[in-house]
1. Please turn the phi angles of the range 27-34 into ³J(HN,Hα) values with the Karplus equation 6.51 cos²θ - 1.76 cosθ + 1.60 (θ = phi - 60°), one per residue in order, whole Hz, x for glycine and proline.
2. Expressed as a whole percent, how much of the Cα-Cα distance distribution for the range 3-107 exceeds 21 Å?
3. Along the range 67-77, what does the Karplus equation 6.51 cos²θ - 1.76 cosθ + 1.60 (θ = phi - 60°) give for ³J(HN,Hα), rounded to whole Hz, x for Gly and Pro?
4. Return the aspartates and glutamates within reach of LYS71: Cα separation strictly under 14 angstrom, same-chain partners fewer than 8 residues apart disregarded; answer none if there are no such residues.
5. Which order do PHE86, PHE11 fall in if you start with the one that has the fewest other Cβ atoms within 10 Å?
Amino acid sequence: MSKYLLNKFLFTVDRDPELVERYREDPRGTVDWWESTQANLILNCHGGEASTWLRFEDAEREALASHDYVKLFEMGAHPFLTLTLFIAMFERDYEEPLGFQKEYARKLGHMSLPYPDIAT
């Protein structure tokens, strides 16, 4: 498993409003597209630099494609990255203030310290 790649996906999608909407509407298609075109690009590097070996494992791909932020947290994806991206995608679906954040906390309520290691 590559926590680096999971976090890179969350980080890059969260910083592009068009990708946020694309991921909300077509999660599996967005994950497949991102993995095939963006996963091996080196962050903050000028054109032409890329690696060739980074790929999601099936469990990672499935968690991303199903918007399963609980599973992503359990796998060690950084909680701030999951929270900010999923707020951007789903906060609008809740009427009460902080509705999604409360749902996020409720769904992760079964977790106790120590949390999964988030080091990459």
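Throughout, read-outs are computed from the coordinates displayed, never taken from laboratory work. In this text, all values refer to a predicted model and were calculated from it rather than measured experimentally. No Cβ is skipped: glycine too gets one built from the backbone with ideal geometry, and neighbour counts run over all protein chains shown.
1. Whole-Hz 3J(HN,Hα) from phi for the range 27-34: x, 5, x, 5, 4, 4, 4, 4.
2. On the way: 1792 of 5460 pairs.
Tail of the P(r) past 21 Å holds 33 percent of the pairs.
3. Each residue of the range 67-77 in turn: 6, 8, 5, 5, 4, 4, 4, 4, 7, x, 4 Hz.
4. Within the straight-line limit of under 14 Å, LYS71 reaches these aspartates and glutamates: GLU57, ASP58, GLU60, GLU62, ASP117.
5. Working: PHE86 22, PHE11 15.
Fewest to most other Cβ atoms nearby, the residues stand as PHE11, PHE86.
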